[in-house]
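Reviewing the structure listed below.
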Amino acid sequence: MSKRKGFTLVELLVVIAIIALLMSILMPALAKVKKQAKDVICQTQLKQWYLMFMMYTEDNDGFFHGELGAGGRSQGWVPALRPYYTGERKPRDDSDSESGAERDMRLCPMANTWFRSEGYSGPLVAWGIASKQWVEGGGWAYVGDCGSYGLNGWVCNEEPGVERYWPHTEKLWRSPDVKNAAIIPLFMDCAWVDGWPQQYDHPPDVETEMGTYDVEAMKQFCINRHGRGQLNGLFLNGTIRKVGVKELWTLKWHRTFEIDGDWTVAGGAQPRMWPEWMRKFEDY
């Protein structure tokens, strides 16, 4: 009778070493594929948001919603468009709950794990009230109203009389029917729910620095969320594409925004002017 042979210890170690080597080669490729998949999902969601914005304007005589009152729970793009992404027409309150799919519509797949309301910061962090423990934000949003996209605040149709306390209404894009819509941001990856950028806004000194909705608001959008100094952006003509963090200053955020200002190549910006974390990224 022949004696049955098994694997020797050396042979097993060689096999394990080969498997470990193959895994080390495949893991970066798998990580890259996973990131590309998240990019595609993000851009697909932005396409859905464009359709919802357009449906809203069709239902409202061709005009956008009002955004300046977004400090209240019933104002701003989140509640204005809620009927289009949830199918629910009645106003929401804290006793209501959304499905995961409805909430995910407001979340880029790259930023759906951590929330600022839980003490986290950075380009992959979402905004909003993620849980009932965050009492601070209770005046402007309902629990669960969180997301990682933000509106260009200059795209809105404010009510008459707002000029008394906000004298900038002449800069607004009230309707999608405008010239040069391809360079007018509508909706983008963002560290906050909205923002009103100006050409003189400074870039963030560090990646975790934020401005406010109306002071240094460009910092809200200046986030390296998708790598290589890029974020995903939706424009007023429906175009969806990658946007460089330095490119933000070349976009037509409002009607009088100077697209060749001090923070652009055309305006004389030099690489050394940018914060260190941004210097390696492409100039515009």
Considering Thr264, Thr239, which residue is among the hydroxyl-bearing types (Ser, Thr, Tyr), surrounded by 13 or more Cβ atoms within 10 Å (Cβ to Cβ) and under 22 Å from Met110 (Cα atoms)?
Thr239
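Report, by residue number, each residue of segment 243-265 that is of a type outside the set (D, E, K, R), in a loop (DSSP other than H, G, I, E, B) and either out of contact with any helix residue (DSSP H, G or I) (no Cβ under 8 Å at 6 or more places or on another chain) or more than 25 Å from Ala182 (Cα to Cα) (or both). Outline the logic, then answer.
Going through segment 243-265, the residues of a type outside the set (D, E, K, R) turn out to be 243-245, 248-251, 253-254, 256-257, 259, 261, 263-265.
With the extra rule that they be in a loop (DSSP other than H, G, I, E, B), the set shrinks to 245, 251, 253-254, 256-257, 259, 261, 263-265.
Correct list: Trp253, Val265.
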Close pairs from segment 207-231: first in contact (Cβ under 8 Å) with a residue 24 or more places away in the chain, partner surrounded by 24 or more Cβ atoms within 10 Å (Cβ to Cβ) and of a type in the set (Ser, Thr, Tyr), Cβ under 9 Å, at least 6 apart:
Arg225/Ser148
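Only one of these is surrounded by fewer than 18 Cβ atoms within 10 Å (Cβ to Cβ), assigned to a loop (DSSP other than H, G, I, E, B) and not polar (S, T, N, Q): Trp154, Trp166, Trp173. Name it.
On the way: Trp154 fails: surrounded by fewer than 18 Cβ atoms within 10 Å (Cβ to Cβ); Trp173 fails: surrounded by fewer than 18 Cβ atoms within 10 Å (Cβ to Cβ).
Testing whether each residue is surrounded by fewer than 18 Cβ atoms within 10 Å (Cβ to Cβ), assigned to a loop (DSSP other than H, G, I, E, B) and not polar (S, T, N, Q) leaves just Trp166.
For segment 190-212, state whether one or more residues are assigned to a helix (DSSP H, G or I) and modelled with pLDDT of 95 or more.
Restricting attention to segment 190-212, the residues satisfying the condition of being assigned to a helix (DSSP H, G or I) are none.
No, segment 190-212 has no match at all.
Against the condition at pLDDT 95 or above, surrounded by fewer than 16 Cβ atoms within 10 Å (Cβ to Cβ), charged (D, E, K, R) and under 28 Å from Pro109 (Cβ atoms), how does Glu282 come out, does it pass? Show your work before the answer.
Details: at pLDDT 95 or above: yes; surrounded by fewer than 16 Cβ atoms within 10 Å (Cβ to Cβ): yes; charged (D, E, K, R): yes; under 28 Å from Pro109 (Cβ atoms): yes.
It is true that Glu282 is at pLDDT 95 or above, surrounded by fewer than 16 Cβ atoms within 10 Å (Cβ to Cβ), charged (D, E, K, R) and under 28 Å from Pro109 (Cβ atoms).
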In segment 35-77, anything more than 23 Å from Pro160 (Cα to Cα), crowded, with 17+ Cβ neighbours inside 10 Å and in contact with a strand residue (DSSP E or B) (Cβ under 9 Å, 6 or more places away or on another chain) is listed as Asp39, Cys42, Gln43, Gln45, Leu46, Trp49, Tyr50
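The values are calculated or read from the model by the stated rules, or taken from the named source; none is laboratory data. Just so we're clear, the structure is a prediction, and the values are computed from it rather than from any experiment. All Cβ positions, even for glycine, are placed from backbone atoms using ideal geometry, and neighbour counts span all protein chains on display.
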